[in-house]
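Each remark here refers to the structure printed beneath this line.
Values in this text are rule-based calculations from the coordinates and carry no lab data. Just so it is clear, the model here is predicted, and its values are computed rather than measured. Reconstructed Cβ throughout: ideal geometry from the backbone, glycine too, with neighbour counts over all protein chains shown.
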Amino acid sequence: MTAPTLHLTRDVFGAEATLGTLRWQGLDFGFTVEDEDRGLDADMTPAEVLAIKVAHETAIPAGMYAVKTTHSPKYGRLMPVLLGVPGFRGVRIHSGNDEADTSGCIVPGLLRNMDAMTVRKSRAACTWLYEQIAVLEAGGHEVTILIDRDPAAWATRVHP
């Protein structure tokens, strides 16, 4: 398996939100906020995912996905989308601050507040990330994201 371009490790699990750390080509980049991680994995069938998923309140399954820049009808501009996410459609990487801004998407930021379960400086994070993805795509390179969980944090999470 080739190394992922982006590597998101979920490491703070709340009742409604999930925080993670984000790496770009092996280097620390920033943080993320997503909806609640309900234990979904990419090797699950769409039916298995849909049996657990709560619409607009569930983080996407952990796994490896291709990322491609496409036009977002919702946002009216070019943005990265994750391809092949079982049980989900239109999973974008976009700016925001908390889980209310995600609806299953990934919200990056340069800073995070673990008590409030938020990220900050999200627009700056997205601007930089979009530029880096565009450079790789223009060079004909595939962009991927690996989403996993910190095993110790996952083992000690509080179940709602």
Quick one: net charge around C126, please, counting Lys, Arg +1 and Asp, Glu -1 for every other residue with C-beta under 13 Å from its C-beta. +3
Using only the Cα atoms of the range 58-103, what semi-axes does the equivalent ellipsoid have when each is the square root of 5 times a gyration tensor eigenvalue? Give whole Å, largest first. 17, 15, 9
Evaluate the relative contact order of the range 1-48 (contact order divided by residue number), counting alpha-carbon pairs under 8 angstrom at least 6 apart; express in whole percent. 29
Karplus ³J(HN,Hα) for the range 69-75 (6.51 cos²θ - 1.76 cosθ + 1.60, θ = phi - 60°; Hz, whole; x = Gly/Pro) runs 7, 9, 6, 8, x, 5, 9
As a test of the formula, what do you get for the chain when each DSSP H run with n ≥ 4 contributes -39,500 (n - 2.57) and the sum is divided by the residue count, at 222 nm and rounded to the nearest 500 deg cm²/dmol? -5500 deg cm²/dmol
Karplus 3J(HN,Hα) series, Hz, for the range 33-41 with 6.51 cos²θ - 1.76 cosθ + 1.60 (x for Gly, Pro): 10, 9, 5, 4, 7, 9, x, 6, 10
Residues with amide H under 5 Å from that of D41, placed H, sequence gap 5 or more: A62
If the reach is capped at under 16 angstrom between alpha carbons, list the aspartates and glutamates near K74, excluding any in the same chain fewer than eight residues apart. D101
Counted neighbours (other Cβ, 10 Å), sorted fewest up, put I106, I133 in the order I133, I106
Whole-Hz Karplus ³J(HN,Hα) for the range 50-59, in order, using 6.51 cos²θ - 1.76 cosθ + 1.60 and θ = phi - 60°, x for Gly and Pro? 5, 6, 9, 4, 10, 3, 6, 9, 9, 5
per DSSP, antiparallel bridges as share of beta bridges in the range 6-155, % nearest 5, sits at 80
Which residues does the label zone of T70 cover in the range 5-22, counting backbone N under 15 Å from a point 7 Å along Cα→Cβ? none
Run the numbers on the chain and let me know its relative contact order in percent, using alpha-carbon pairs under 8 Å that are six or more apart. 28
Identified option (computed Rg and Dmax of the Cα atoms in Å; candidates (i) 14.8, 49; (ii) 19.3, 64; (iii) 14.5, 45): (iii)
